[in-house]
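Asks: First the structure, which I've put down as structure tokens, then a few questions once you've had a look.
No lab work stands behind these numbers, since they all come straight from the coordinates. Just so you know, these numbers come straight off a predicted model, no measurement behind them. Here Cβ is always computed from backbone atoms with ideal geometry, including for glycine, and neighbour counts include all displayed protein chains.
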Amino acid sequence: MQQVRRLVRRGLELTGLIGPYFRWIERRQAGRASVSVDDGRPMPPRELIMVVGAAGGDEGWFSKEGLADAEQFRALALAHGVDLAEPQDVLDLGCGVGRIARWLAPELMAAGGGFQGCDVNQRLLDWCAANLQGRYFVNALQPPLPLPEASLDLVYAKSVFTHLREDTARAWLAEIARVLRPTGLAILTFADEDFTLGWAPKPVRPKVGRQRYIIWNDALEGSNYMSAWTTREHFAALAAPIFDVAEMVPGRRDWPAQAIAVLRPRWHGRGADSG
Ligand SMILES: C[S@@+](CC[C@H](N)C(=O)[O-])C[C@H]1O[C@@H](n2cnc3c(N)ncnc32)[C@H](O)[C@@H]1O
């Protein structure tokens with residue numbers, strides 16, 4: 001049965017029908033969550049929540065985990081010298097439907113900072129732009145960003161590298177380093193060996209550690225359909241040409257917490273004549 005399912009999926013991938021099929025599945029699952037949550041922030045429609053997490057469009061998960069991520073990123077940034085209570089320029093790369101932005105953007109902007117969010121998905125961004133504080137723009141799956149070099153204090157990306165092929169991940173690491181100020185930080189989550197052993201599809205788990213970068217469902221890059229699984233050592237190696245690792249928080253097997261790399265750019269991005 002599993003074999004048949006795999007063949008059907010491969011057929012859909014090859015014919016390009018996997019996109020509409022995957023979106024149909026998401027819409028169907030979005031109808032299943034029923035509890036409404038009022039946390040004092042704008043709440044997106046369930047169909048959009050579904051696109052950024054496999055939680056059936058669950059508003060409770062969206063609210064609680066978004067706040068938890070915002071607090072964790074704020075604490076990590078502070079521990080490494082970027083205080084979000086002061087004016088800082090921040091980019092939420094792959095911001096989705098603002099799960100974290102709805103908590104961080106108001107606070108950052110009240111402190112006199114600048115908040116931007118970007119994503120490859122226009123529908124998610126339209127909702128963010130209409131409902132949240134900050135500036136939102138669409139970017140392509142591959143860099144560059146329409147931002148000047150050395151213009152940001154913090155770039156964070158939650159659960160974005162988990163959906164990118166290795167070459168794309170490498171290209172984004174270089175682009176993030178380009179837009180960061182020399183004193184800036186990147187906070188990037190990814191699927192390390194611990195997270196993989198707890199949460200990867202079963203066929204992926206035995207490969208972890210034996211293959212450095214594993215792609216599951218090799219189609220629709222950037223969407224939840226494709227997932228990428230690696231190790232802390234290999235993620236650090238991908239970042240090594242341009243970043244120093246300030247901290248590496250391991251993922252968890254017992255709770256769906258991805259690993260977090262806190263990175264400091266070593267690449268200063270400026271020629272001798274540009275100061
Ligand atoms: C699992 S969702 C997470 C969204 C959001 N960061 C959050 O934590 O709720 C992954 C997001 O990354 C976006 N994405 C994937 N590849 C991207 C890329 N190359 N540039 C910007 N966004 C990307 C997807 O469109 C999607 O919104």
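Asks: Can you give the helix-only mean residue ellipticity at 222 nm for the chain, where every DSSP H stretch with n ≥ 4 adds -39500 (n - 2.57) and the sum goes over all residues, rounded to the nearest 500 deg cm²/dmol?
Replies: Values: 9 runs with 103 residues, N = 275.
Estimated from H runs of four or more residues: -11500 deg cm²/dmol.
Asks: What is the extension gain from LEU12 to TYR213, computed as 0.36 nm multiplied by their sequence separation minus the C-alpha to C-alpha distance, in nm to one decimal?
Replies: Details: separation 201, 0.36 × 201 = 72.36 nm, distance 2.40 nm.
Roughly 70.0 nm would be gained on extension.
Asks: Would you list the P(r) distribution for region 2-274, with all Cα-Cα distances sorted into 10 Å bins from 0 and each bin expressed as a whole %?
Replies: With 10 Å bins starting at 0, P(r) equals 7, 29, 38, 21, 5, 1, 0.
Asks: Quick test of the membrane-span-like rule: which DSSP H helices of the chain reach at least 15 Å along their long axis (C-alpha atoms) with mean Kyte hydropathy at least -0.5?
Replies: Details: long enough: 2-15 (20 Å, -0.70); 18-30 (18 Å, -0.85); 59-79 (30 Å, -0.11); 166-179 (20 Å, -0.10).
Correct list, ordered by number: 59-79, 166-179.
Asks: Determine which lysines satisfy two conditions relative to LYS64: a Cα distance under 30 Å, and not lying fewer than 8 residues away in the same chain.
Replies: Straight-line reach from LYS64, under 30 Å: LYS158, LYS202.
Asks: ARG135 to LEU78: FRET efficiency via 1/(1 + (r/R0)^6), r the Cβ-Cβ distance, R0 22 Å, to the nearest 0.05? All intermediate terms of the calculation are to be shown ahead of the outcome.
Replies: Details: r = 24 Å, r/R0 = 1.07.
It comes out at approximately 0.40.
Asks: Taking amide H positions as placed 1.01 Å from N in the peptide plane, with prolines and chain starts having none, which residues 5 or more places from TYR136, or on another chain, fall under 5 Å of its amide H?
Replies: Under 5 Å from the amide H of TYR136: GLY117.
Asks: How far, in nm, would the chain grow between TRP24 and GLU247 when pulled straight, counting 0.36 nm per residue and subtracting the alpha carbon separation?
Replies: Length gained between TRP24 and GLU247: 76.4 nm.
Asks: Return the aspartates and glutamates within reach of LYS207: Cα separation strictly under 13 angstrom, same-chain partners fewer than 8 residues apart disregarded; answer none if there are no such residues.
Replies: ASP192, GLU193, ASP194
Asks: So if each residue of separation counts as 0.36 nm, and I subtract the Cα-Cα distance between ARG5 and ARG205, what length gain in nm does that give?
Replies: Working: separation 200, 0.36 × 200 = 72.00 nm, distance 1.96 nm.
Extra length available between ARG5 and ARG205 comes to 70.0 nm.
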